[in-house]
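Here the structure is laid out as structure tokens; the discussion comes afterwards.
The values are calculated or read from the model by the stated rules, or taken from the named source; none is laboratory data. Note that the structure is predicted; figures quoted are calculated from it, not measured. Please note: Cβ atoms are built from the backbone with ideal geometry, for glycine as well, and neighbour counts cover all protein chains shown.
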Amino acid sequence: MTMSPTIFMEGVSKRYGETYVVRDVDLSVAPGECVAIVGHNGAGKSTLVKMALGLLTPTAGRITLLGENPAGRQAMAFRRRIGFLPENVAFSPAMTGREVLRFYARLKQVPVAITDQLLERVGLAAAARRRVGTYSKGMRQRLGLAQALLGEPRVLFLDEPTTGLDIESRQMFYGVMAELRDAGATLLLSSHALSDIEQADRIAIMKAGRMVACGALPELRRQADLPLRIRVHVVNGNAAREFTARRSVQWLDDLRFELTCADDGKVEAIRSVSLLEGVSDIEMMPPTLVDLCDELTREAAE
Amino acid sequence: MNAIATIAGREIRDGLRNRWALGAVLLMAGLALTLAFLGSAPTGVVGASPLEVTVVSLSSLTIFLVPLIALLLSHDAIVGERDRGTMLLLLSYPLSRWQILVGKFLGHLSILAVATVLGYGAAGAALTLAAGEFDADSLRSFAWMVGSSVLLGAVFVALGYLISATVRERATAAGLAVGIWLLLVLLYDMALLGLLVSDQGRTISAAAFNWLLLLDPADIFRLLNLAGLSETSVFAGMAGLAEQMQFGRAVLLTALATWVAVPLALAAFVFSRKEP
């Protein structure tokens with residue numbers, strides 16, 4: 001017996017005139033799960049998030065959020081338990097960070113007393129009394145996260161949460177995300193950044209409105225079956241010549257060569273390379289996320 | 001209800017923060033004081049109450065200035081939030097779109113009301129200090145004028161929202177706001193005048209003319225303040241019109257309230273239909 005999904009989409013399409021922004025998407029996110037949507041700009045990620053929130057109505061298909069129609073009348077009640085961080089979040093520049101958060105707390109009917117704690121948690125306590133107009137991009141994003149956390153949300157939608165953030169801010173975001181998941185919240189995030197995607201249980205790849213693949217990262221790697229590259233550094237090129245003559249390798253310069261192998265052949269490849277004389281370093285280069293997306297997109301098109 | 005108050009509170013705070021409210025108060029007070037003292041100078045000869053004369057001159061000021069301030073406040077209310085990207089987040093919160101609109105309306109109207117009451121009140125207070133006590137009739141017509149100025153402001157705030165909910169670009173909203181102002185404050189009267197002159201009273205009866213005046217909120221305001229009072233209408237040069245006036249004060253107020261309600265309802269309808 002599986003629990004009913006928190007976010008459920010079936011055959012969801014969104015069409016403007018003749019162009020499909022989202023086309024025939026199925027997605028089911030279980031309670032406590034974290035799913036990342038990946039894709040190029042304009043692939044339909046934000047539109048999908050807006051539809052899940054009930055801000056846009058799909059042209060076709062069915063969406064439920066916490067078992068209800070997100071655009072329906074009863075949506076008002078459960079919106080208090082939903083957090084949303086839009087892409088490029090913005091606030092009234094004349095208000096201070098503290099005022100902004102109190103404003104949103106009142107709208108969510110959350111006690112305003114907890115806003116100071118939240119500002120502390122996202123690292124904005126020192127800037128709480130400054131106007132938002134003076135905030136950096138990273139600070140605005142932190143404030144955006146703080147408002148999404150109001151009311152202990154059961155579902156969070158984070159649209160490109162870490163775009164333009166420094167490493168420290170990212171780590172703070174990941175810390176909060178981990179806490180949320182420990183508390184049993186469901187997360188749906190859209191992103192380009194590999195470090196974001198590593199936080200997710202499953203990855204959904206979108207291309208031109210379609211969902212071309214969905215699964216855990218290792219699963220997707222297997223599915224794409226892209227070769228990985230092994231880069232070998234040697235102290236003396238001559239010793240390795242005999243080995244490289246037998247295999248198809250590519251010499252980058254006198255002391256470095258690369259060989260490619262399938263995912264299941266990597267152990268064997270490393271073993272044979274490591275036996276060579278004068279090997280000083282071995283670098284494993286798994287296919288990048290971009291390679292993976294491109295490959296899965298290409299496979300889906302065929 | 002709570003959500004509406006929260007939105008209204010934010011608009012008021014925003015207005016105070018970015019000096020909007022202060023600017024409006026200073027502008028209203030400055031112009032009102034100027035008119036009050038320039039206008040009351042010759043009244044000793046005519047023997048009219050200086051406050052009554054001030055009501056006439058401030059009414060004319062209201063017709064130009066209040067719609068302008070109201071449109072400046074309101075035309076950006078929805079399209080501006082969309083443009084800055086604050087609207088999307090607001091819509092994901094547990095409140096409906098009509099609540100957002102009504103909250104903004106109450107906030108903007110409060111700013112406008114405070115600016116009008118303070119600005120005109122300053123002029124009234126200064127006149128009282130300069131000329132002494134006024135009779136109850138003069139005070140009543142002054143209060144009516146201030147109250148109906150706020151109502152006229154409400155009309156143009158609502159019209160501004162209708163523009164703001166409909167268009168996609170902020171520049172379009174600004175252009176349309178200027179257009180609405182020109183049309184209702186200046187052009188409609190000129191067109192009506194031209195029509196009367198060319199018609200020479202052949203087809204347009206006095207009753208029809210009165211109805212035509214109801215189609216412009218600025219004219220309703222004018223009728224309410226300048227023709228409504230027997231004494232004032234003499235100074236305002238509207239005595240001739242006042243004699244033929246078929247509408248009472250209640251009708252005029254209802255007409256002005258309709259001018260608030262209809263654009264506001266239309267704005268709410270358009271806003272609820274638009275995708276963010």
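The figures follow:
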{"quantity": "One residue from A:141, A:147 being in a helix (DSSP H, G or I), at the interface with chain B (Cβ under 9 Å from one of its Cβ atoms) and under 25 Å from residue A:6 (Cβ atoms)", "calculated": "A:147"}
{"quantity": "So residue B:70, is it assigned to a loop (DSSP other than H, G, I, E, B), buried (at least 23 other Cβ atoms within 10 Å of the Cβ) and within 21 Å of the chain's Cα centre (by Cα)", "calculated": "no"}
{"quantity": "Hits in segment A:71-114 (condition: farther than 20 Å from residue A:130 by Cα, charged (D, E, K, R) and more than 7 Å from chain B (Cβ to nearest Cβ))", "calculated": "A:73, A:81, A:87"}
{"quantity": "Wholly within segment A:194-302, strands (runs of 3 or more DSSP E) carrying at least 1 residues that are of a type in the set (Asp, Glu) and surrounded by 13 or more Cβ atoms within 10 Å (Cβ to Cβ)", "calculated": "A:256-261"}
{"quantity": "Failed criterion for residue B:163 (all others in (1) surrounded by 22 or more Cβ atoms within 10 Å (Cβ to Cβ); (2) on the phi > 0 side of the Ramachandran plot hold)", "calculated": "(2)"}
{"quantity": "Extreme residue, modelled with the lowest pLDDT, among residues of segment A:136-173 that are farther than 20 Å from residue A:30 by Cα and under 13 Å from the mean Cα position of the chain (by Cα)", "calculated": "A:163"}
{"quantity": "Flag for residue A:15 being in a strand (DSSP E or B), at pLDDT 90 or above, away from chain B (no Cβ under 14 Å) and farther than 26 Å from residue A:173 by Cβ", "calculated": "no"}
{"quantity": "Residue identified as closer than 24 Å to residue B:50 by Cα, in contact with a Gly (Cβ under 8 Å, 6 or more places away or on another chain) and not β-branched (Val, Ile, Thr) among B:134, B:142", "calculated": "B:142"}
{"quantity": "Subset tally (residues that are surrounded by 13 or more Cβ atoms within 10 Å (Cβ to Cβ) and either part of a helix (DSSP H, G or I) or modelled with pLDDT of 90 or more (or both)) for segment B:192-205", "calculated": "3"}
{"quantity": "Odd one out for residue B:99 among (1) within 14 Å of chain A (Cβ to nearest Cβ); (2) among the polar types (S, T, N, Q); (3) buried (at least 22 other Cβ atoms within 10 Å of the Cβ)", "calculated": "(3)"}
{"quantity": "Hey, residue B:120 within 14 Å of another protein chain (Cβ to nearest Cβ) and either among the aromatic types (Phe, Trp, Tyr) or within 27 Å of residue B:186 (Cβ to Cβ) (or both) or not", "calculated": "no"}
